[in-house]
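As structure tokens, the structure follows; a few thoughts come after it.
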Amino acid sequence: MSVLALGGAGYIGSHAVYQLLDREREVVVVDNLQTGHREAVPANIPFYEGDVRDRQFLKEVFAKEPIDQVMMFAANSLVGVSMKEPLQYFDNNVYGTQVLLETMVDAGVSDIVFSSTAAVYGEPNQVPIKECDPAMPQNPYGETKLAMEKMMKWCREAHDLRYVSLRYFNVAGARPSGAIGEDHDPETHLVPIILETALGKRKSITIYGDDYDTKDGTCIRDYVHVEDLIDAHIRALDYLKDGGVSDVFNLGSSTGFTVKEIIGAARAVTGKEIPSKIGERRPGDPTKLIASPEKAKAVLGWNPKRTDIDTIIEDAWNWHHHHPDGYGGR
Ligand code: UFG
């Protein structure tokens, strides 16, 4: 039987594909290549280029392949764009998930591991954030992810769907071998932008505000290594297979770093100057996001191995340094 990875050619999805193959699982990839890269998926596994909203296409994939579990990575995920194009986000994310769930119900496939986000919490009242804390998204991206979680909850009641929703904090790093890594166009995330600056592809990094109520005035985030993040996904697949109940888990480290601390760590890892300047605050940025990952540790037995900030940056640097043009450079 196979695991279907929707969005398996994206940054996070491709790391899942590689780890599933490491563990000798069968895997099938669906991706519309809007932001994903065909080169990020090994050539010898079934790959279907198409859109999750295309009902007929998806039905055919489920008819052809022996799928028994699903991992859903396919979504638009930029907070800033979602503020300007909310309907595009509802269409791709919410409607796309609706079509997927309908197809799963029709095909009799019940298990799904789903990519959710810390953005469902909005600006938290307290950190570390627990799964039972209020979910009050402050942007359309977070709102779509919360809507997708709710859709799965009602499908659990009506159709015996079984799901694990994983709320990611700030994902960074790359496969330690350097075979795959992060390549977005445009890039908006902190760690790759810092490393592109280290490579000289950008003159400097702009820090979005230094007047926040934190120790150095810059925003605090909780960074999790993509390899550890995927380990939690595979544990979640096994948890569902073993009869675990549908649930929601945070994936983070319980440690927060300021933007300036991340730049400092990257200077130490790369040995490069990495010029920075202070800019305006970016609209919609919460001051401080730190996860409580205790539930994932207790229930899924999750035990992150590479989630310390130096290892995260070293692995990301290994990718960027060897692939300065991302997949385009291959
Ligand atoms: N930042 C900068 N300069 C940059 C880029 C980022 O100062 O050039 C800062 C941001 O203001 C923020 C921090 O670095 O304080 C991290 O920013 P990212 O864009 O890397 O990540 P976000 O925390 O904004 O976003 C992440 C996920 C989203 C998710 C969000 C939840 O990437 O998918 O967390 O709030 F929605």
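Data overview
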| quantity | calculated |
| --- | --- |
| Residues (open to solvent by 30 Å² or more (accessible area, probe 1.4 Å) and over 20 Å from the mean Cα position of the chain (by Cα)) located in the range 223-266 | K241, D242, G243, V245, K260, E261, G264 |
| Complete set of residues in the range 11-39 that are closer than 24 Å to P186 by Cβ and open to solvent by 20 Å² or more (accessible area, probe 1.4 Å) | Y11, I12, N32, L33, Q34, T35, H37, R38, E39 |
| Filtered residue count, the range 40-73, keeping only those that are under 14 Å from V105 (Cα atoms), hydrophobic (A, V, I, L, M, F, W, C) and open to solvent by 60 Å² or more (accessible area, probe 1.4 Å) | 1 |
| Top-ranked residue of the range 129-171 - restricted to ones that are out of contact with any Asp or Glu (no Cβ under 9 Å at 6 or more places or on another chain) and among the acidic types (D, E), ranked as farthest from the ligand (Cβ to nearest atom) | D160 |
| Matching residues in the range 274-302 - criterion: being in contact with a Lys or Arg (Cβ under 7 Å, 6 or more places away or on another chain) and open to solvent by 40 Å² or more (accessible area, probe 1.4 Å) | P275 |
| Boolean, K64 is basic (K, R) and within 16 Å of the ligand (Cβ to nearest atom) | no |
| Scan of the range 129-157 for residues that are under 13 Å from L251 (Cα atoms) and surrounded by fewer than 20 Cβ atoms within 10 Å (Cβ to Cβ), ordered by number | K130, E131 |
| Residue that is nearest to V171 (Cα to Cα) [pool: residues in the range 111-128 that are more than 12 Å from the ligand (Cβ to nearest atom) and not charged (D, E, K, R)] | F114 |
| Single residue of the range 192-222 satisfying the filter (small (G, A, S) and more than 8 Å from the ligand (Cβ to nearest atom)) that is surrounded by the most Cβ atoms within 10 Å (Cβ to Cβ) | A198 |
| Number of the condition not met by I234 [criteria: (1) in contact with a His (Cβ under 8 Å, 6 or more places away or on another chain); (2) in a helix (DSSP H, G or I)] | (1) |
| Residue within the range 158-175 that is closer than 20 Å to H321 by Cα, among the small types (G, A, S) and either part of a strand (DSSP E or B) or open to solvent by 10 Å² or more (accessible area, probe 1.4 Å) (or both) present | yes |
| Any hit, the range 318-330, residues being closer than 25 Å to A198 by Cβ, open to solvent by less than 30 Å² (accessible area, probe 1.4 Å), in contact (Cβ under 8 Å) with a residue 40 or more places away in the chain and of a type in the set (F, W, Y) | yes |
| Number of positions in the range 176-214 that are more than 19 Å from A9 (Cβ to Cβ) and either in a helix (DSSP H, G or I) or more than 20 Å from the chain's Cα centre (by Cα) (or both) | 24 |
| Matching residues, the range 20-41, being of a type outside the set (D, E, K, R) and closer than 30 Å to V81 by Cα | V28, V29, V30, N32, L33, Q34, T35, G36, H37, A40, V41 |
| Residues (at negative phi and small (G, A, S)) located in the range 183-234 | A198, S204, A232 |
| Wholly within the range 58-127, helices (runs of 4 or more DSSP H) carrying at least 2 residues that are closer than 24 Å to L251 by Cα and in contact (Cβ under 8 Å) with a residue 24 or more places away in the chain | 79-84, 96-107 |
| Residue identified as within 16 Å of the ligand (Cβ to nearest atom) and under 30 Å from C155 (Cβ atoms) among G256, G284, G279, G264 | G284 |
| Filtered residues of the range 1-47 (kept if more than 19 Å from V171 (Cα to Cα), of a type in the set (A, V, I, L, M, F, W, C) and assigned to a loop (DSSP other than H, G, I, E, B)) | M1, L33, V41, A43, I45 |
| Identity of the residue in the range 62-94, out of contact with any Phe, Trp or Tyr (no Cβ under 9 Å at 6 or more places or on another chain) and among the polar types (S, T, N, Q), that ends up nearest to Y163 (Cα to Cα) | Q69 |
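The values are calculated or read from the model by the stated rules, or taken from the named source; none is laboratory data. Just so we're clear, the structure is a prediction, and the values are computed from it rather than from any experiment. FYI the Cβ positions are ideal-geometry reconstructions off the backbone, even for glycines, and counts take in every protein chain you see. Quick note on the areas: whole protein, heavy atoms, side chains included, nothing else; ligands and nucleic acids left out. Shrake-Rupley method; radii C 1.70, N 1.55, O 1.52, S 1.80 Å.
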